[in-house]
2 protein chains.
Amino acid sequence: MIDLVVAGTIGLDDIETPFGRVHHVIGGSAIYASIAASFFAKPGIISIAGVDLPESNYHLLRSRSIDISGVAIDEKTFRWSGLYEFDMNEAKTLKTKLNCVTKFNPKLPESYKGAKFLFLANINPVIQKQVLDQMEEKPFVLLDTMNYWIENKKSALTKIIKRCDLLLLNDSEARQLFDSPNLVKAARLALQLGPKYVVIKKGEHGALLFSKDAHFSAPGYPLENTMDPTGAGDSFAGALAGYLAKVRKTDELSLRRGIVFASAIASFCAEDFSTRRLLKLKYGEIEERYEIFKKIREF
Amino acid sequence: MIDLVVAGTIGLDDIETPFGRVHHVIGGSAIYASIAASFFAKPGIISIAGVDLPESNYHLLRSRSIDISGVAIDEKTFRWSGLYEFDMNEAKTLKTKLNCVTKFNPKLPESYKGAKFLFLANINPVIQKQVLDQMEEKPFVLLDTMNYWIENKKSALTKIIKRCDLLLLNDSEARQLFDSPNLVKAARLALQLGPKYVVIKKGEHGALLFSKDAHFSAPGYPLENTMDPTGAGDSFAGALAGYLAKVRKTDELSLRRGIVFASAIASFCAEDFSTRRLLKLKYGEIEERYEIFKKIREF
């Protein structure tokens, strides 16, 4: 029985940052999110990949007790290539080839349908809806997206936002989606659509949690050597979903703690290319960083 | 006897933001900083203004027990006009007329020379040096600057940085001055120049404190209605200097608390044009916001 369903992409990425470049490395929102979630809970992936995806990736996911029975196989894996310039705050997408994702018609394995937590990671909001529609009991739904869907599928995205419990956005997406430079106002507008919680990911500046009555500000981890931010946002969200699935609570204090764990994992993710750092990460290291987060905000 | 010397500019500003425009309003780094500091301690200004500066401003400063015996008078007051666009994160300077500031040859009143705290607010670093040279005992020196001096007086600026105890920079200035997109690395390079502390002001994202061994991250106040960010950075720094002068301590915990008080005052400053909100502000409101800062970082 899995704790958490993760719907999203599986990809092969080409990434260039000021610190190097990698070619054809594993990526995609479902990959980062499920690896991050696996530190806390048992995730099951619902996604699609091509026959060109090296088999070793499946071994690796299985070795972390990630259920991959929801991964459909088609011809060619989703490809993304991105470039990070000097300030590394935002990726410039050089090329996207959706490949098999265009044909993705998600069929949820029976063993997934009763999970109490569902993370709809970044993918076409139409697919996010199809996944949600197949869940048997209403799970706690976390929803992530990206600027592409805000620009191209705003109506479908808005509909799925209305059905989620927790909406994740990065700061520029929040400003864009709600047409407000002010993040507090953007978050308030997001809450009006229906989610109980809104989490705004701010990269090096940390993360914010908004609910109707409360506000939490998580500090950014003082990372000196960011090598590749790819997947940090997906890892953040996956870790948060995994933490909530582990503690089986969704009250505000659990959210706050989950966000700090998620910040810790996202900071590790950015320390090396692709999933490299996450795959070497030990739970004790996450706890150490959690303690540092406590110290850096004391006054 | 004053607690704190504040050196900086007195100006008349024209400001336009998405929420309105004002003409010929009081501004300048010494004005914002000394008003902010006056919530905690007795500041004395060393600056220069023109005969065109309305007399009412002096009454106002005196009514707050701010010593203005160090304000020289010349022909025309420093003028700045700036525009904030949609995201309001950075001012676009439309025009600067230095006027009397070009002739400023600071002469410190005797009553200023023994102050234990000196805030060298944003002004030409050559003037900052002239002020520092006149202090009799070595005070605790806080130093602020802006991109203009980084671009045009880098050598003089570097020299004065080496003589300060606490360097304040905003995030873009820190990246620019140390040619590093990474704020942690920039702060470390800054510490290597000599200051014991480096404070990086990040506007809506809060502020960071770095010392050789420690790191503190102050959250941003969740302000929904920013009307005019002008002077928020000067107010932040002035409030921090005032707080330290009040508690007469410069250990790390005092710095952390001072930064939170400073963040509170800076957030009020941005709620209205020019110094309007600061001049109506009650100490109890600052304390209330300090308590909110405690709550928003709990986990």
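B:Arg79 meets the conditions (1) among the charged types (D, E, K, R); (2) over 18 Å from the mean Cα position of the chain (by Cα); (3) at pLDDT 95 or above in every case but one. The failed one is (2).
Scanning segment B:113-139 for residues that are assigned to a loop (DSSP other than H, G, I, E, B) and β-branched (Val, Ile, Thr) gives a single hit, B:Ile123. What's the number of the only condition in (1) within 11 Å of another protein chain (Cβ to nearest Cβ); (2) crowded, with 16+ Cβ neighbours inside 10 Å; (3) farther than 19 Å from A:Leu143 by Cβ; (4) among the polar types (S, T, N, Q) that A:Ser274 fails to meet? Status for A:Ser274: all satisfied but (1).
For segment B:109-131, a residue qualifies if it is of a type in the set (A, V, I, L, M, F, W, C) and surrounded by fewer than 22 Cβ atoms within 10 Å (Cβ to Cβ), and exactly one does: B:Val126.
Any residue in segment A:199-210 that is within 14 Å of another protein chain (Cβ to nearest Cβ) and of a type in the set (Val, Ile, Thr)? Yes, some residue in segment A:199-210 is within 14 Å of another protein chain (Cβ to nearest Cβ) and of a type in the set (Val, Ile, Thr).
In summary, A:Gly258 fulfils each of the numbered conditions (1) in contact with a Gly (Cβ under 6 Å, 6 or more places away or on another chain); (2) at pLDDT 95 or above with the single exception of condition (1). Of note, B:Asp213 does not satisfy the criterion of being on the phi > 0 side of the Ramachandran plot, within 12 Å of chain A (Cβ to nearest Cβ), of a type in the set (D, E, K, R) and surrounded by fewer than 24 Cβ atoms within 10 Å (Cβ to Cβ).
Within segment B:161-179, the set of residues being on the phi < 0 side of the Ramachandran plot, surrounded by fewer than 20 Cβ atoms within 10 Å (Cβ to Cβ) and out of contact with any Lys or Arg (no Cβ under 9 Å at 6 or more places or on another chain) comprises B:Lys162, B:Ser172, B:Arg175, B:Gln176. Restricting segment B:87-108 to residues that are of a type outside the set (A, V, I, L, M) and crowded, with 17+ Cβ neighbours inside 10 Å, which is nearest to the chain's Cα centre (by Cα)? Looking at the filtered set, the residue picked out is B:Asn89. Taking the listed residues A:Ile35, A:Ile45, A:Ile68, the one that is under 19 Å from A:Phe140 (Cα atoms), outside any loop (DSSP other than H, G, I, E, B) and β-branched (Val, Ile, Thr) is A:Ile45, with no other qualifying.
Only one of (1) closer than 19 Å to B:Ser34 by Cβ; (2) crowded, with 20+ Cβ neighbours inside 10 Å is not met by B:Lys282, so which one is it? Here B:Lys282 meets the rest and fails (2). Residues that are within 14 Å of chain B (Cβ to nearest Cβ), without any contact (Cβ under 8 Å) to a residue 24 or more places away in the chain and among the hydroxyl-bearing types (Ser, Thr, Tyr): does segment A:251-261 have at least one? Within segment A:251-261 (the criterion being within 14 Å of chain B (Cβ to nearest Cβ), without any contact (Cβ under 8 Å) to a residue 24 or more places away in the chain and among the hydroxyl-bearing types (Ser, Thr, Tyr)), the answer is yes, since at least one residue qualifies. Of all residues in segment A:287-296, which are touching a helix residue (DSSP H, G or I) at 6+ places or on another chain (Cβ under 9 Å) and either within 13 Å of chain B (Cβ to nearest Cβ) or surrounded by 21 or more Cβ atoms within 10 Å (Cβ to Cβ) (or both)? Answer for segment A:287-296, where residues must be touching a helix residue (DSSP H, G or I) at 6+ places or on another chain (Cβ under 9 Å) and either within 13 Å of chain B (Cβ to nearest Cβ) or surrounded by 21 or more Cβ atoms within 10 Å (Cβ to Cβ) (or both): A:Arg289, A:Tyr290, A:Ile292, A:Phe293, A:Lys294.
Selection of segment A:1-18 for residues being more than 30 Å from A:Arg248 (Cβ to Cβ) and in contact with an Asp or Glu (Cβ under 7 Å, 6 or more places away or on another chain) yields A:Ile15, A:Thr17.
Among the residues of segment A:153-172, those identified as assigned to a helix (DSSP H, G or I) and at pLDDT 95 or above are A:Lys154, A:Ser155, A:Ala156, A:Leu157, A:Thr158, A:Lys159, A:Ile160, A:Ile161, A:Lys162, A:Arg163. With respect to the conditions (1) in contact with a Ser or Thr (Cβ under 9 Å, 6 or more places away or on another chain); (2) touching a residue at least 40 places away in the same chain (Cβ under 8 Å); (3) not in a helix (DSSP H, G or I), A:Leu142 lacks only one, and its number is (1). Can you pull out every residue in segment A:175-206 that is without any contact (Cβ under 8 Å) to a residue 60 or more places away in the chain and among the β-branched types (Val, Ile, Thr)? A:Val184, A:Val198, A:Ile200, listed by residue number. Total residues in segment A:6-32 satisfying the condition of being within 15 Å of A:Phe104 (Cβ to Cβ) and in a strand (DSSP E or B): the figure is 3. For A:Gly194, the conditions (1) within 19 Å of the chain's Cα centre (by Cα); (2) away from chain B (no Cβ under 14 Å); (3) of a type in the set (Gly, Ala, Ser) all hold with the exception of (1).
The values are calculated or read from the model by the stated rules, or taken from the named source; none is laboratory data. Nothing here was measured: the structure is a model prediction, and the numbers come from that model. FYI the Cβ positions are ideal-geometry reconstructions off the backbone, even for glycines, and counts take in every protein chain you see.
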